[in-house]
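Notes follow the structure.
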Amino acid sequence: MLRRIASLSAIVLLVALAVIFTALNQQRFAVDVAMARFEVSSGLALLIAFSAGLLGGALWRSHWIARLLSERGRLREALRLAEARRQESADSQDPG
């Protein structure tokens, strides 16, 4: 519960800082992207660039985490099989 409150308040704080940053940086300049040309404020352009970098890093990290989770699943299955084999050999060695 506390972690959710902390996460939510951190997000709210970041959004508030982004709005203030954009409001304080109103210098405008033209941006050419492929065949489109439009004008944006410098604050908004920096926030978009930062957000794109953050999203790209998160996507790269999620791929890495997915590989780790897959490996963990394979290791758990191997451990489960090894424990079953050990139990079978212990049962077959019991004289009783």
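Assigned to a helix (DSSP H, G or I), in contact (Cβ under 8 Å) with a residue 12 or more places away in the chain and hydrophobic (A, V, I, L, M, F, W, C): does that describe Leu79?
no
Looking only at the range 49-96, which residues are of a type in the set (A, V, I, L, M, F, W, C), under 30 Å from Val33 (Cβ atoms) and open to solvent by 80 Å² or more (accessible area, probe 1.4 Å)?
Selection gives Phe50, Leu54, Leu55, Leu59, Trp60, Trp64.
Can Ser92 be described as polar (S, T, N, Q), at pLDDT 85 or above and assigned to a helix (DSSP H, G or I)?
No, not satisfied.
Being of a type in the set (Gly, Ala, Ser) and open to solvent by 100 Å² or more (accessible area, probe 1.4 Å) narrows it down to one residue among Ala10, Ala34; which is it?
Ala34
The values are calculated or read from the model by the stated rules, or taken from the named source; none is laboratory data. All values derive from a computational prediction rather than experimental measurement. Positions of Cβ are generated from backbone atoms using ideal geometry, with glycine treated the same way; all protein chains shown enter the neighbour counts. Just so you know, the surface numbers come from the protein's heavy atoms only, side chains and all, with ligands and any DNA or RNA stripped out. Shrake-Rupley method; radii C 1.70, N 1.55, O 1.52, S 1.80 Å.
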